[in-house]
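To start, the structure itself, in structure tokens.
The values are calculated or read from the model by the stated rules, or taken from the named source; none is laboratory data. None of these values were measured; they are calculated from a predicted model. Heads up, the Cβs are rebuilt from the backbone with ideal geometry, glycines too, and the neighbour counts pull from every protein chain shown. SASA here: full protein model, heavy atoms, side chains in, ligands and nucleic acids out. Shrake-Rupley method; radii C 1.70, N 1.55, O 1.52, S 1.80 Å.
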Protein chains: 2
Amino acid sequence: MSAEWIWIDTLVRGGHTLRSVRLRNETGMVAEEQLGVPACEGDLVLGTVFPAFGNAHSHVFHRLLRGRTHADGGTFWSWREKMYALAGSLTPPAFESIAAASFTEMVASGWGAVGEFHYVHHRVDGAPYPDHDMELALARAAATAGIRLTLLDTCYLTGSIGKGLAPEQLRFGDGGAARWLERWFRLRERFADEYPELVLGAAIHSVRAVPATAIAEIARALPAEVPLHIHLSEQVAENEQSLAAYGRTPTAVLAEAGALSGRLSVVHATHLSDGDIVLLGEAGVHAVFCPTTEADLGDGLGPASELFAAGARLAVGSDQNAVLDPLLELRGLEAGERLRSQTRGRFSPEQLLDIGTRVGYSSLGLQAPGLIGGLCDLVEVDAASVRTAGSLPEQLLLTGTASDVIRTIVAGRVVYERSRDSARLSKAAVDLARFAADPAAMAEENS
Amino acid sequence: MSAEWIWIDTLVRGGHTLRSVRLRNETGMVAEEQLGVPACEGDLVLGTVFPAFGNAHSHVFHRLLRGRTHADGGTFWSWREKMYALAGSLTPPAFESIAAASFTEMVASGWGAVGEFHYVHHRVDGAPYPDHDMELALARAAATAGIRLTLLDTCYLTGSIGKGLAPEQLRFGDGGAARWLERWFRLRERFADEYPELVLGAAIHSVRAVPATAIAEIARALPAEVPLHIHLSEQVAENEQSLAAYGRTPTAVLAEAGALSGRLSVVHATHLSDGDIVLLGEAGVHAVFCPTTEADLGDGLGPASELFAAGARLAVGSDQNAVLDPLLELRGLEAGERLRSQTRGRFSPEQLLDIGTRVGYSSLGLQAPGLIGGLCDLVEVDAASVRTAGSLPEQLLLTGTASDVIRTIVAGRVVYERSRDSARLSKAAVDLARFAADPAAMAEENS
């Protein structure tokens, strides 16, 4: 299934546009590289190629809300009620089907890896499933789709600061940091044998949903190499609640709890103070922007260039999966910056590519894709479509869309090929449409 | 070539989702409509359909800059220098090829009509071509592509307020409003015979490029039914120049010149005062937002909802054609509003559809598409693609992209069909790539 040698006509990587490149894939890594050479017989021959994109933030089941929440205005908070209703309908088999279909859409869009920020752990009443059923559903779905999964198992303890979980949040909770940690370490053992390729990461839902003392406990207890993610200051109301309860911003709460470090990814980071930006930059955190979601939910435009200048490492994610398109996320990031500043080229095409690929993978605890010594994860794009024709190769990520993805390669294996996989994409679409139209039917599927 | 009867499974129109609709096409108009009926033999059978989208603002040759201007930052003004260099290379045959290819991309994206804001009238030194060569090139290109064209022939007299044309602007100018009007009326006669379907509209480039007295002269002299367009307050610098020269905003200059009326379309309208919004709303002008361009060029987010509330009629356009996708323009309009307001659903899906279809057509002097008594212009979209699966039909315009367009129908004729036209699209892409890579070669083509 996986090629030993891959020949690439035009490889856009690290600020260079390289011609006639041959990469040797060895156990999913790029072991050797030749420049300016012809293809050999048996090579997998590709045209214009980027390293694969890393989707640093996903809630996979939100995909079912796509195109179903725009009728009656509202805010992030009213949208969240619809999302909770959907979360209440999920069963392990339905969750696996939805995730497999959505992950398939992701590989078809050029994402080679995904960080699934996962909090639907338990039964609706909060009682545990017998054997990590929801987490195993995700692991199987990723294997089905061929995407690289970092499962960000999420600690979720309170409805808001100082308040218990609401009934619709019960299935997210573990009852305390210690009990969440216990489950996390059990899950790690469970995965080690069966899914050695899967990265088990961790997440703290937010300062709304995890008390500061529990944040500190988790930051101390998790092994240092484990990627840790958190939603940060997506909404002004979160900042207000944090200031009221702790007398400090959410970022300052994280700093105080010892959670700010290079292994941390803060998601959204929309409403920050100048002091927050300094703290996040000095810690060298990953800041994961989700431009299509932040526009859809009316979150606002976060201070991307300020965070970047301060030393934070920017990545992007698809979040609610209303859009699954790494090019549109990157274009949205740059568009937001241009609109805020009324100047162009806030991030260069080279920087945007780095944000979308290497840094996204880094946020997920993964080595860089597409380089010697890194992961053999690549995306081939159509440089001669009606959208992309005439673009310079290094600017294609500002002109194409996910429909221009020809092949996605993960660990040297072609996990998506446009000309081969149309039936597979149609099946994914049918599965998604069925569950979206009738979420209640999911509860009836045997769990 | 054109069907007499068209049967539609799901027609999304005017706030309703209608099932099993049969439309009778008579000389390009919808002459009769049946609801809840089966298809008959010989009907053109369609799935999910919207009225066709109206592209209320295009500079077709800017398409060649797509994916070639992002390397070195800059602003709107530095981008404009690249655009002028390109404008200087155009010859009538090259212009026709570029326009035919770009218009083909437009029909493939679901645009049924386009307003071409056209100012490259003359030879590089300003000397006229023998017979409206550039304008006829556009007319032929539109006929080749099958798109409905409103040619907005543009008056362009000064480099900035009170300054002569720069050398690179000479080919845009006619030397005075009276001479421009003379050419406009001659052009009208020329087109009347040969291109009776084409709408000849007019444009004033901007208050930067046309003196207030000339604006008044044009507003008076043009027949009342002729659509008139103008770039308005795209950049803060334009407002500053207008205030310095006239002591009033560009909008107030238009008001004073008697140019504000329902036949006027103001393009961009990004940087407006509260008083400007009142004036534009009371006049019932069309306000043409170009969200993908306004983001790309760092123009800023204009006051769309304020204009709408004041009485202006919103439409969208693709402007520089860095993106050709009516769904992404509409989504961009709504996204900008959500980001400004931090609430969702600023425009309902029904309002967005109206903006994209009926009002776009109205801005171009065209009757509404897709209704009885209106133009038989329709777009069929794929409601079961991996992007659109699960969406409610009336929310598809927030989830699909131009790649989901299956067919575009203009005047009852299928001018684009995805499964049929891939060779045609490839040819358009090849033409565009060739000219984009080597604009100088255009000058060598025989004019």
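With within 18 Å of A:H268 (Cα to Cα), open to solvent by 30 Å² or more (accessible area, probe 1.4 Å) and either modelled with pLDDT of 95 or more or not β-branched (V, I, T) (or both) as the only criterion, which of A:E225, A:E197, A:E240 stands out?
On the way: A:E225 fails: within 18 Å of A:H268 (Cα to Cα); A:E197 fails: within 18 Å of A:H268 (Cα to Cα).
Answer to the check: A:E240.
Restricting attention to the range B:333-355, and to residues there that are within 19 Å of the chain's Cα centre (by Cα) and over 16 Å from B:P393 (Cα atoms), which single residue is nearest to the other protein chains (Cβ to nearest Cβ)?
In the first step, residues of the range B:333-355 are kept if they are within 19 Å of the chain's Cα centre (by Cα); the result is B:333-334, B:351-355.
Those still in the list that are over 16 Å from B:P393 (Cα atoms) too: B:333-334, B:355.
Working: B:L333: 11, B:E334: 8, B:I355: 14 Å.
Taking the candidates together, the pick is B:E334.
With (1) open to solvent by less than 10 Å² (accessible area, probe 1.4 Å); (2) at positive phi as the list, and B:G345 as the residue in question, which single condition is left unmet?
B:G345 satisfies all of (1) open to solvent by less than 10 Å² (accessible area, probe 1.4 Å); (2) at positive phi except (1).
(1) touching a Pro at 6+ places or on another chain (Cβ under 6 Å); (2) surrounded by fewer than 24 Cβ atoms within 10 Å (Cβ to Cβ); (3) within 30 Å of B:G15 (Cβ to Cβ): which one isn't true of A:H70, the others all being true?
(2)
Out of B:T104, B:T27, B:T48, I need the residue that is at pLDDT 95 or above, away from every other protein chain (no Cβ under 14 Å) and more than 20 Å from B:H205 (Cα to Cα). Which one?
Values: B:T104 fails: away from every other protein chain (no Cβ under 14 Å); B:T48 fails: away from every other protein chain (no Cβ under 14 Å).
Step by step, each of B:T104, B:T27, B:T48 is checked, and only B:T27 is at pLDDT 95 or above, away from every other protein chain (no Cβ under 14 Å) and more than 20 Å from B:H205 (Cα to Cα).
Just wondering, is there one or more residues in the range B:92-108 that are in contact (Cβ under 8 Å) with a residue 12 or more places away in the chain and either farther than 30 Å from B:A429 by Cβ or outside any helix (DSSP H, G or I) (or both)?
As a first pass, look at the range B:92-108 and keep what is in contact (Cβ under 8 Å) with a residue 12 or more places away in the chain: B:92-108.
Checking the rest, the ones that are also either farther than 30 Å from B:A429 by Cβ or outside any helix (DSSP H, G or I) (or both) come to none.
Within the range B:92-108, not a single residue is in contact (Cβ under 8 Å) with a residue 12 or more places away in the chain and either farther than 30 Å from B:A429 by Cβ or outside any helix (DSSP H, G or I) (or both).
Filter the range A:376-399 down to the residues that are open to solvent by less than 10 Å² (accessible area, probe 1.4 Å), out of contact with any helix residue (DSSP H, G or I) (no Cβ under 7 Å at 6 or more places or on another chain) and among the hydrophobic types (A, V, I, L, M, F, W, C) and list them by number.
A:C376, A:L378, A:V379, A:L396 - these are the residues of the range A:376-399 that are open to solvent by less than 10 Å² (accessible area, probe 1.4 Å), out of contact with any helix residue (DSSP H, G or I) (no Cβ under 7 Å at 6 or more places or on another chain) and among the hydrophobic types (A, V, I, L, M, F, W, C).
When the range A:399-416 is examined, which residues are found to be in contact (Cβ under 8 Å) with a residue 24 or more places away in the chain and either in contact with a Leu (Cβ under 6 Å, 6 or more places away or on another chain) or among the small types (G, A, S) (or both)?
A:G400, A:T401, A:A402, A:I409, A:A411, A:G412
Identify the single condition in (1) open to solvent by less than 60 Å² (accessible area, probe 1.4 Å); (2) of a type in the set (K, R); (3) under 18 Å from B:D274 (Cα atoms) that B:R208 does not satisfy, given that it satisfies every other one.
(3)
Restricting to the range A:414-447, what's the tally of residues that are aliphatic (A, V, I, L, M), outside any helix (DSSP H, G or I) and modelled with pLDDT under 95? Outline the logic, then answer.
Kept after step one, since they are aliphatic (A, V, I, L, M), are these residues of the range A:414-447: A:414-415, A:423, A:425, A:428-430, A:432-433, A:436-437, A:440-443.
Then keep just the ones that are outside any helix (DSSP H, G or I); that gives A:414-415.
Applying the additional criterion that residues be modelled with pLDDT under 95 yields none.
So the answer is 0.
From the set of residues in the range A:400-413 that are of a type in the set (G, A, S) and assigned to a helix (DSSP H, G or I), which is surrounded by the most Cβ atoms within 10 Å (Cβ to Cβ)? I'd like the intermediate steps shown before the answer.
Going through the range A:400-413, the residues of a type in the set (G, A, S) turn out to be A:400, A:402-403, A:411-412.
Still in the list and also assigned to a helix (DSSP H, G or I): A:402-403.
Working: A:A402: 25, A:S403: 20.
Within the range A:400-413, the match that is surrounded by the most Cβ atoms within 10 Å (Cβ to Cβ) is A:A402.
Check B:S362 against each of (1) at the interface with chain A (Cβ under 8 Å from one of its Cβ atoms); (2) more than 30 Å from A:S385 (Cα to Cα) and name the one condition it does not meet.
Against the list (1) at the interface with chain A (Cβ under 8 Å from one of its Cβ atoms); (2) more than 30 Å from A:S385 (Cα to Cα), B:S362 comes up short only on (1).
Only one of B:L392, B:L378 is at pLDDT 95 or above and within 23 Å of the chain's Cα centre (by Cα); which? I'd like the intermediate steps shown before the answer.
On the way: B:L392 fails: within 23 Å of the chain's Cα centre (by Cα).
Answer to the check: B:L378.
Only residues that are open to solvent by 10 Å² or more (accessible area, probe 1.4 Å) and either charged (D, E, K, R) or part of a loop (DSSP other than H, G, I, E, B) (or both): list them for the range B:80-90, please.
Across the range B:80-90, the qualifying residues are B:R80, B:E81, B:K82, B:G88, B:S89.
So in the range A:153-186, with the set limited to residues that are assigned to a loop (DSSP other than H, G, I, E, B) and more than 24 Å from A:A244 (Cβ to Cβ), which one is most open to solvent (accessible area, probe 1.4 Å)? Spell out the reasoning first.
Keep residues of the range A:153-186 that are assigned to a loop (DSSP other than H, G, I, E, B), which gives A:156-159, A:161-162, A:164-166, A:173-176.
Checking which are more than 24 Å from A:A244 (Cβ to Cβ) leaves us with A:174-175.
Numbers: A:D174: 18, A:G175: 70 Å².
Only one residue fits best here, namely A:G175.
Kindly indicate whether A:L324 is touching a residue at least 60 places away in the same chain (Cβ under 8 Å) and either outside any loop (DSSP other than H, G, I, E, B) or in contact with a strand residue (DSSP E or B) (Cβ under 8 Å, 6 or more places away or on another chain) (or both).
On the way: touching a residue at least 60 places away in the same chain (Cβ under 8 Å): yes; either outside any loop (DSSP other than H, G, I, E, B) or in contact with a strand residue (DSSP E or B) (Cβ under 8 Å, 6 or more places away or on another chain) (or both): yes.
So A:L324 fits the description; yes.
If you go through the range A:378-398 one residue at a time, do you hit one that is free of Cβ contacts under 8 Å to residues at least 60 places away in the same chain, part of a helix (DSSP H, G or I) and within 11 Å of chain B (Cβ to nearest Cβ)?
Yes, the range A:378-398 contains a residue that is free of Cβ contacts under 8 Å to residues at least 60 places away in the same chain, part of a helix (DSSP H, G or I) and within 11 Å of chain B (Cβ to nearest Cβ).
Need pairs with beta-carbon distance below 6 Å; first residue in contact (Cβ under 8 Å) with a residue 24 or more places away in the chain and among the acidic types (D, E) and within the range B:236-251, second open to solvent by less than 60 Å² (accessible area, probe 1.4 Å) and outside any helix (DSSP H, G or I); sequence gap 6+ or separate chains.
From the range B:236-251, the pairs are B:E238/B:R208.
Among B:G247, B:G275, which is the only one that is on the phi > 0 side of the Ramachandran plot and surrounded by fewer than 24 Cβ atoms within 10 Å (Cβ to Cβ)?
Working: B:G275 fails: on the phi > 0 side of the Ramachandran plot.
Answer to the check: B:G247.
Only one residue in B:W7, B:W77 is among the hydrophobic types (A, V, I, L, M, F, W, C), open to solvent by 10 Å² or more (accessible area, probe 1.4 Å) and within 14 Å of another protein chain (Cβ to nearest Cβ). Which one?
Details: B:W7 fails: within 14 Å of another protein chain (Cβ to nearest Cβ).
After applying the criteria, what remains is B:W77.
Hey, among the residues in the range A:278-321 that are open to solvent by less than 10 Å² (accessible area, probe 1.4 Å) and among the β-branched types (V, I, T), which one's farthest from A:R68 (Cα to Cα)?
Checking each candidate, the answer is A:V285.
Here is a list: A:D125, A:D133. Which entry is open to solvent by 10 Å² or more (accessible area, probe 1.4 Å) and touching a residue at least 60 places away in the same chain (Cβ under 8 Å)?
A:D133
Go through (1) touching a strand residue (DSSP E or B) at 6+ places or on another chain (Cβ under 8 Å); (2) free of Cβ contacts under 8 Å to residues at least 60 places away in the same chain; (3) more than 30 Å from A:T388 (Cβ to Cβ) and name the single condition A:A31 misses.
Failing condition for A:A31: (2).
If B:S261 satisfies all but one of (1) of a type in the set (S, T, N, Q); (2) surrounded by 21 or more Cβ atoms within 10 Å (Cβ to Cβ); (3) more than 14 Å from chain A (Cβ to nearest Cβ), what's the number of the condition it fails?
(2)
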